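First the structure, in the form of structure tokens, and then the observations on it.
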There are 2 protein chains.
Amino acid sequence: MSDLQDYFSRCAAVTEKWLDERLKSGSSFSDGLTQAMRYSVFAGGKRLRPALMFASFEIFSDDFLAAVPYAASIEVLHTYSLIHDDLPAMDDDDLRRGRPTNHKVFGEAEAILAGDALLTKAFEFASDRDNTPGVTDAVRVKAVHALALAAGDRGMVAGQFADIKAESSGADCETVDFIHLNKTAALIRYSVSMGAILAGRGYEDERRLDAFGKNLGVAFQITDDILDLTSDTATLGKNAGSDLENGKATYPAVYGMEKSAEKAAELVKEAVELIRPYGGKGGRLAEIAYFITERKS
Amino acid sequence: MSDLQDYFSRCAAVTEKWLDERLKSGSSFSDGLTQAMRYSVFAGGKRLRPALMFASFEIFSDDFLAAVPYAASIEVLHTYSLIHDDLPAMDDDDLRRGRPTNHKVFGEAEAILAGDALLTKAFEFASDRDNTPGVTDAVRVKAVHALALAAGDRGMVAGQFADIKAESSGADCETVDFIHLNKTAALIRYSVSMGAILAGRGYEDERRLDAFGKNLGVAFQITDDILDLTSDTATLGKNAGSDLENGKATYPAVYGMEKSAEKAAELVKEAVELIRPYGGKGGRLAEIAYFITERKS
């Protein structure tokens, strides 16, 4: 296993252990809800957002474990977005991470509610004083607010809305840029800048990491678009070619394949330049940035 | 207009003005999302939860306006829950507050996203430092955390989940109690206890108001169940008799009509006893409590 794979595994393991201990049913009446939430949370994702948050936080701090509740928070929020995106009224996907999607297993109403509960859970975790002993209330408030801005109607949900609309109306470059920036990059920006927020750093570091995350998020989505066209279902764990089939607004569709790959590489290069001032401390983040465009699934 | 109606109007007016200024589209790509969010937020509800929060806060403080952002926060969260409850996969309702439901006007995907955005917005408002200048970060963190607990998988969403499940499996007293306590009472408890949290009061006041809100929330839902059976569609603004039609777990269905009305009255009486120590300062809250079982819609 490469050193980076090992880092991903370590980030995933601590995040999953923390989540496993806390995603418990409160009553026999809601056991099925907890089951639906856990099904998608523990579906074996890459845990990219937690890894980005850990790597960013580690630029400023040795206290790796302090970031765990926030890593768990962003991961459950990301999971909610996948569950709702897969719904019949949205992308109507049957397969996610190689397994049937949430609504296929538990039903549509249950999947909507599992998503709602996970979105709410993200804010519960981010505001939980008992589980974040070394953190100030000022940091907790900033974390919650930044997360809400990234996830809401001027962030991820706006991107998803534009994505759905573009299916019927067709897409141009401006539309695709808006979708990528909001649907995907918003949460990645939050994940990376959260490292600086949690470390109590000022505006300059937050801005720098936010800009890094912006580039990375767009590069990530362009790579996703490319993989949807070039990879196969078994490798992706979701239906390959589904973007084309659904008339999705993708980067290759409006910019062409060659320009898309160039753009992703250029964005990553720029991003890595941005964190050069951190020297070796930023090495892990840079490694993840390169991984993002080179991955096969 | 009675004094209480006047109070409701005043609470609604400040909350709606605040919301009107803040629920704006961030981009032409998400105009339709903002439109869908605003459609349901400005559908002319009673604003009961804001009124409860204001009345509770005014026991301890004269600074009425300080509660507005939190009143707005609970109202958008409540609105999200109505939009998602009405979805075809859930209760499949066509009518809400006398108007077509959100998904009927904007489409199902749009309604899911409008709900997601409003849920997220509730946490954005509750953690917004710029709009809550006199409030400490400690209070903001407590508010966000209490809201997340009330709204999530051990609160409102758990109640909604049990409600959906009871439609197919039938209901007994225990099930109905669980549903009412979580689906409806959880947010009302939060709204009332938030008065004490915002005023920076200690555990005792929070607990007392939480207990008041618990009784009131259950009484509110019992009254809703009764009205669904005894009122008509025009008065309710939603389809009368739909609980029976949908095989809903209601209080009258398992306890009988007479016992339901008795129970609601008893819960309100107990609640009013709980806030007796506040004397005249608690008068408004008591008035709202009586209104809850006496209302006609």
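The values are calculated or read from the model by the stated rules, or taken from the named source; none is laboratory data. These numbers were taken from a predicted model, which means no experiment stands behind them. Note: ideal-geometry Cβ built from the backbone for every residue, glycine included; neighbour counts use all protein chains shown.
For region A:62-70, the criterion of a residue being more than 8 Å from chain B (Cβ to nearest Cβ) and closer than 25 Å to B:A117 by Cβ is satisfied by at least one position. The residue that is farthest from A:S260 (Cα to Cα), counting only those in region A:195-231 that are touching a residue at least 40 places away in the same chain (Cβ under 8 Å) and hydroxyl-bearing (S, T, Y), is A:S231. Restricting attention to region A:87-110 and to residues that are within 19 Å of the chain's Cα centre (by Cα) and within 19 Å of B:G107 (Cα to Cα), the residue that is nearest to the other protein chains (Cβ to nearest Cβ) turns out to be A:M90. When residues in region A:37-78 are screened for being in a helix (DSSP H, G or I) and within 15 Å of A:K238 (Cα to Cα), 1 of them pass. Would you confirm whether any residue within region B:97-108 is of a type in the set (K, R), buried (at least 19 other Cβ atoms within 10 Å of the Cβ) and in contact (Cβ under 8 Å) with a residue 40 or more places away in the chain? No, because not a single residue in region B:97-108 is of a type in the set (K, R), buried (at least 19 other Cβ atoms within 10 Å of the Cβ) and in contact (Cβ under 8 Å) with a residue 40 or more places away in the chain.
If we scan region A:47-62, do we find a residue that is in contact (Cβ under 8 Å) with a residue 60 or more places away in the chain, polar (S, T, N, Q) and buried (at least 17 other Cβ atoms within 10 Å of the Cβ)? Yes: one or more hits. Determine whether region A:12-23 contains at least one residue that is within 14 Å of chain B (Cβ to nearest Cβ), outside any helix (DSSP H, G or I) and over 18 Å from the mean Cα position of the chain (by Cα). Checking region A:12-23: at least one residue is within 14 Å of chain B (Cβ to nearest Cβ), outside any helix (DSSP H, G or I) and over 18 Å from the mean Cα position of the chain (by Cα). Applying the condition of being among the acidic types (D, E) and more than 14 Å from chain B (Cβ to nearest Cβ) to region A:175-221 and asking which residue is farthest from A:A122 (Cα to Cα) yields A:E204. Need pairs with beta-carbon distance below 7 Å; first residue in contact (Cβ under 8 Å) with a residue 12 or more places away in the chain and within region B:3-20, second among the acidic types (D, E) and surrounded by 13 or more Cβ atoms within 10 Å (Cβ to Cβ); sequence gap 6+ or separate chains. From region B:3-20, the pairs are B:L4/B:E287; B:T15/B:E75. Go through region A:166-179 residue by residue and tally those that are buried (at least 21 other Cβ atoms within 10 Å of the Cβ) and either among the aromatic types (F, W, Y) or free of Cβ contacts under 8 Å to residues at least 24 places away in the same chain (or both). Looking only at that region, the number is 1.
All of A:A71, A:A55 fail the test of being in contact with a Pro (Cβ under 9 Å, 6 or more places away or on another chain), modelled with pLDDT of 95 or more and not aromatic (F, W, Y), apart from A:A71. One residue stands out among those in region A:24-36 that are without any contact (Cβ under 8 Å) to a residue 40 or more places away in the chain and in a helix (DSSP H, G or I): the one that is surrounded by the most Cβ atoms within 10 Å (Cβ to Cβ), which is A:S30.
Return yes when B:H84 is facing another protein chain (nearest Cβ under 8 Å) and surrounded by fewer than 24 Cβ atoms within 10 Å (Cβ to Cβ) and no when it is not.
When the stated conditions are applied, B:H84 does not pass them.
Looking across region A:133-146, the residues that are facing chain B (nearest Cβ under 8 Å), over 12 Å from B:E124 (Cα atoms) and surrounded by fewer than 24 Cβ atoms within 10 Å (Cβ to Cβ) come down to A:T136, A:D137, A:A138.
Within region A:109-132, the set of residues being in contact (Cβ under 8 Å) with a residue 40 or more places away in the chain, within 18 Å of B:A126 (Cα to Cα) and surrounded by fewer than 24 Cβ atoms within 10 Å (Cβ to Cβ) comprises A:D128 only. Please indicate, with yes or no, whether at least one residue in region B:236-245 is more than 26 Å from B:V135 (Cβ to Cβ), under 17 Å from the mean Cα position of the chain (by Cα) and aliphatic (A, V, I, L, M). Yes; the residues of region B:236-245 include at least one that is more than 26 Å from B:V135 (Cβ to Cβ), under 17 Å from the mean Cα position of the chain (by Cα) and aliphatic (A, V, I, L, M).
Only one of these is buried (at least 20 other Cβ atoms within 10 Å of the Cβ), more than 24 Å from A:F29 (Cα to Cα) and acidic (D, E): B:D232, B:D205. Name it.
On inspection, the qualifying residue turns out to be B:D205.
The condition of being touching a helix residue (DSSP H, G or I) at 6+ places or on another chain (Cβ under 8 Å) and either without any contact (Cβ under 8 Å) to a residue 12 or more places away in the chain or within 20 Å of B:L285 (Cβ to Cβ) (or both) holds for only one of B:V144, B:V135, B:V192, that being B:V192. Residue by residue through region B:147-169, note down the ones that are at the interface with chain A (Cβ under 7 Å from one of its Cβ atoms) and touching a helix residue (DSSP H, G or I) at 6+ places or on another chain (Cβ under 7 Å). Answer for region B:147-169, where residues must be at the interface with chain A (Cβ under 7 Å from one of its Cβ atoms) and touching a helix residue (DSSP H, G or I) at 6+ places or on another chain (Cβ under 7 Å): B:A148, B:L149, B:A151, B:G152, B:D153, B:V157, B:A158, B:Q160, B:F161, B:A162, B:I164, B:K165.
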